[in-house]
There are 2 protein chains.
Amino acid sequence: MRKPTIIDLAKAAGVSPTTISHAFSGRRKVDPETRERIVALADKMGYRPNQAAQRLRSGRTGTIGLASSMPFAVAAGPSRLGFLMEIAASAAMTALTRDMALCLVPTSPGRNLDNLGFDGVIVVEPARDEPLIRYFEGRHTPIVSIGKVPARPDIPAIDLHSAQTARLLLGHLFDAGSRRIGLITGRQRRTSYEETETVYAEFSAAHAMPAIALSLDENGGEELAEREAAKLLQRHPRLDGLLVTVDALATGTMTALSHLGLRVPDNVRLATRYDGMRAQLAQPQLTAVDLHLDLVARLAVETLLARIEGQDAAFTTPCPDLIARPSSVG
Amino acid sequence: MRKPTIIDLAKAAGVSPTTISHAFSGRRKVDPETRERIVALADKMGYRPNQAAQRLRSGRTGTIGLASSMPFAVAAGPSRLGFLMEIAASAAMTALTRDMALCLVPTSPGRNLDNLGFDGVIVVEPARDEPLIRYFEGRHTPIVSIGKVPARPDIPAIDLHSAQTARLLLGHLFDAGSRRIGLITGRQRRTSYEETETVYAEFSAAHAMPAIALSLDENGGEELAEREAAKLLQRHPRLDGLLVTVDALATGTMTALSHLGLRVPDNVRLATRYDGMRAQLAQPQLTAVDLHLDLVARLAVETLLARIEGQDAAFTTPCPDLIARPSSVG
DNA sequence: CTTCTTTAGCAAAACGTTTTGCGTATTACC
DNA sequence: GGTAATACGCAAAACGTTTTGCTAAAGAAG
């Protein structure tokens, strides 16, 4: 009454275990007729290859990690919750269809991670000199990054097209009428921030706008943004547009604006990047960008699996789409 | 240069693999001195037991599932995102410290789940006659529920103390001055809703209030709540308090109130249950309850692991704490 | 009619643990 | 001093796959 093994199946089918294995894996030719008989019988008997055995033999763990550069407490807290978890949910589903388990990896690479060897790992928006990257590279664990790894074009990544995103948002603010647009990014050196800053510099120059940029520690959250945005606006009272790339910083900025008696979008147009719950719940709702994170996550998993198997798969990655909301269009 | 195995370690230590195994597992006596020598050497050589081998031998998969009764698309969408993911993050960390991987399980039990055998599964707030429960029971997979399983006191569960939560919130609204309190719950038959409804009925009777209760489909989200709450308020214009147990329904209700020209908390005091991003970002912020989900999740994992090992661990589960916010106290 | 190639399949050796049954010493008991 | 109990340790058999030769039969090529 216990689960049938490959040997039970082999006996029932009148072939050797080898043939069963080959029939399933396709690593060697098996008479199509035999194969068909085997799979039918397997189905009937409820045979499923034992994963532990497969993994022992193949040296794989069957687990891939999803690691965020932020401490989990922060990433899972309100601040980045949506971003990471949207990815997690989609990645988990994709992984499951390939018989892989997706494991959420707490940061602080420590002894704990050594035990559980991952076949590969997905790193979410790593910063420059990310410890996670160093850690997994040291262990020869295949890595795929969501968002390019700064200064490491050699590491496969699903591009989030942050330059394009920045162009979309800045162009949108400009088209809506803003002529003095400020920028607030996160302080860590992630690709998305860096590309945004570059595009912003170009954009300002091209449109003869002063470049008024500020970067804040993401962990500071809304409160920090509120304080610093207030200072910024006092220094630059003629600002009439703001691109704030982190949603928590954007809502903090909104609070600052309202305290200063400035109205959104009438006095200042506001836009952010990630279209999460924060952007959607803000009053007024925040203009943002659809990054297609579900698709991004799926591609990340597929790229990683290909990489684990030694292939080099390249996918076209989705382009961001603008979602205009009342925070920028009256 | 490859990872050392138990045999390498045995040779280096001058003992048999058996002794190594016993030294680590403690399943038989090993001379303390020998054991010490072994662990020191293991540490130096970087030996880690191969999990696949352990699992093959022991018949475990080393994976536990986290399943939500809601379709993942909904649970991972804005609606229940916080609730499920707060649990996921904490559970993942706890699992990892025990060398277990936590796997997010998409709903719709299908063939895919059969492949990946879980050692056990955590089910989040199951409804009455939950298909997930049936599915895993059919496979003899140990289950621990977060929130009691309706009509199934035999299934171990981490109690969310929904009756106590309801008493806290209703008492709070009453103390704040509300004398005609309405109730909006979700339509599925989850323990938290059922207990809340029972407490509400008692509370109304005890305080000679009319019982005005409504239950809505959780998947309807804010829009549904907005429509239905508006109708409710038109039928019962003297309502001065509302307990809405699902956060998305609560914010929808808030919108309805504002459209009707009713002010929160001046005209109607509002409270919800789960203190997630929604409650915190709402304007005004929503009174809610701290369910201590991180602790709940940890207990769930530990209870499940104990159960997998055949023990019957019982923990004291955390009690909810009220978080009073402007939506109920002027 | 050789010789070579392809096809379909098998036997046996891994993979790295844990477990079980046995031996030895050593200590304890009468 | 005999016997029992205890402590420590080892050898070998699992666990259920995949992989690597190898064989036998059947075509193909000359």
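The values are calculated or read from the model by the stated rules, or taken from the named source; none is laboratory data. Remember, predicted model here, so these are calculated numbers, not experimental data. Don't worry about glycine lacking a Cβ; one is built from the backbone with ideal geometry, like all the others, and counts go over all protein chains shown. These accessible areas exclude ligands, DNA and RNA; they are computed on the full protein's heavy atoms, side chains included. Shrake-Rupley method; radii C 1.70, N 1.55, O 1.52, S 1.80 Å.
Observations, loosely collected:
- Counted residues, segment A:27-45 - those being more than 12 Å from DNA strand C (Cβ to nearest atom) and open to solvent by 40 Å² or more (accessible area, probe 1.4 Å): 5
- Search result, residues across segment A:275-303 that are aliphatic (A, V, I, L, M) and assigned to a helix (DSSP H, G or I): A:MET277, A:ALA279, A:LEU281, A:LEU293, A:LEU295, A:VAL296, A:ALA297, A:LEU299, A:ALA300, A:VAL301
- Unmet criterion (only one of (1) in a helix (DSSP H, G or I); (2) within 14 Å of chain B (Cβ to nearest Cβ)) for A:VAL121: (1)
- Count of segment A:142-162 residues which are farther than 20 Å from A:GLY65 by Cα, outside any loop (DSSP other than H, G, I, E, B) and open to solvent by 20 Å² or more (accessible area, probe 1.4 Å): 0
- Residues satisfying the stated conditions in segment A:190-210, i.e. more than 21 Å from A:ARG152 (Cβ to Cβ) and free of Cβ contacts under 8 Å to residues at least 24 places away in the same chain: A:ALA201, A:GLU202, A:SER204, A:ALA205, A:ALA206, A:ALA208
- The sole residue among B:ARG298, B:ARG227 that is assigned by TED's automatic domain parsing to the domain that holds B:GLY182 and not hydroxyl-bearing (Ser, Thr, Tyr) is B:ARG227.
- If you go through segment A:51-64 and keep only what is within 7 Å of another protein chain (Cβ to nearest Cβ) and assigned to a loop (DSSP other than H, G, I, E, B), you end up with just A:THR61.
- Filter result for A:PHE118 (open to solvent by less than 10 Å² (accessible area, probe 1.4 Å), at pLDDT below 95 and aromatic (Phe, Trp, Tyr)): no
- Breaking point among (1) in a loop (DSSP other than H, G, I, E, B); (2) in contact (Cβ under 8 Å) with a residue 60 or more places away in the chain; (3) open to solvent by less than 30 Å² (accessible area, probe 1.4 Å), for A:ASP266: (3)
- Which listed residue, of A:GLY276, A:GLY261, A:GLY252, is open to solvent by less than 20 Å² (accessible area, probe 1.4 Å) and over 17 Å from the mean Cα position of the chain (by Cα): A:GLY252
- If only residues of segment A:4-16 that are without any contact (Cβ under 8 Å) to a residue 24 or more places away in the chain and open to solvent by 50 Å² or more (accessible area, probe 1.4 Å) are counted, the one that is farthest from the chain's Cα centre (by Cα) is A:GLY14.
- Among the residues of this structure, B:THR94 does not count as one that is at pLDDT below 90, open to solvent by 30 Å² or more (accessible area, probe 1.4 Å), within 11 Å of chain A (Cβ to nearest Cβ) and within 29 Å of B:ASP119 (Cα to Cα).
- Selection within segment B:209-219 - part of a helix (DSSP H, G or I) and surrounded by fewer than 19 Cβ atoms within 10 Å (Cβ to Cβ): B:ASN219
- The condition of being more than 16 Å from the chain's Cα centre (by Cα), in the same structural domain as B:ILE181 (by TED's automatic domain parsing) and free of Cβ contacts under 8 Å to residues at least 60 places away in the same chain holds for only one of B:GLN283, B:GLN311, that being B:GLN283.
- Some residue of segment B:51-58 being at positive phi, within 11 Å of DNA strand C (Cβ to nearest atom) and open to solvent by less than 70 Å² (accessible area, probe 1.4 Å): no
- For segment B:214-222, the condition holds for at least one residue, the condition being that it is within 17 Å of the chain's Cα centre (by Cα) and touching a residue at least 12 places away in the same chain (Cβ under 8 Å).
- Test result for A:LEU322, without any contact (Cβ under 8 Å) to a residue 40 or more places away in the chain, open to solvent by 40 Å² or more (accessible area, probe 1.4 Å) and away from every other protein chain (no Cβ under 14 Å): no
- Candidates in segment A:4-29 are the residues that are modelled with pLDDT under 90 and more than 9 Å from DNA strand D (Cβ to nearest atom); of these, the one that is farthest from B:GLN51 (Cα to Cα) is A:LYS29.
- Contact map, segment A:17-32: residues that are within 11 Å of A:ILE6 (Cα to Cα) paired with residues that are part of a loop (DSSP other than H, G, I, E, B) and more than 9 Å from DNA strand D (Cβ to nearest atom), Cβ distance under 7 Å, separation 6+ or inter-chain. Pairs shown: A:THR19/A:VAL30.
- Residues (surrounded by fewer than 18 Cβ atoms within 10 Å (Cβ to Cβ) and of a type in the set (Ser, Thr, Tyr)) located in segment A:286-316: A:THR316
- Filter pass, B:GLN283 being surrounded by fewer than 17 Cβ atoms within 10 Å (Cβ to Cβ) and within 13 Å of chain A (Cβ to nearest Cβ): yes
- Members of segment B:163-180 found to be touching a residue at least 60 places away in the same chain (Cβ under 8 Å) and either part of a helix (DSSP H, G or I) or open to solvent by less than 40 Å² (accessible area, probe 1.4 Å) (or both), listed by number: B:GLN164, B:THR165, B:ALA166, B:LEU168, B:LEU169, B:LEU170, B:HIS172, B:LEU173, B:PHE174, B:ALA176, B:GLY177, B:SER178
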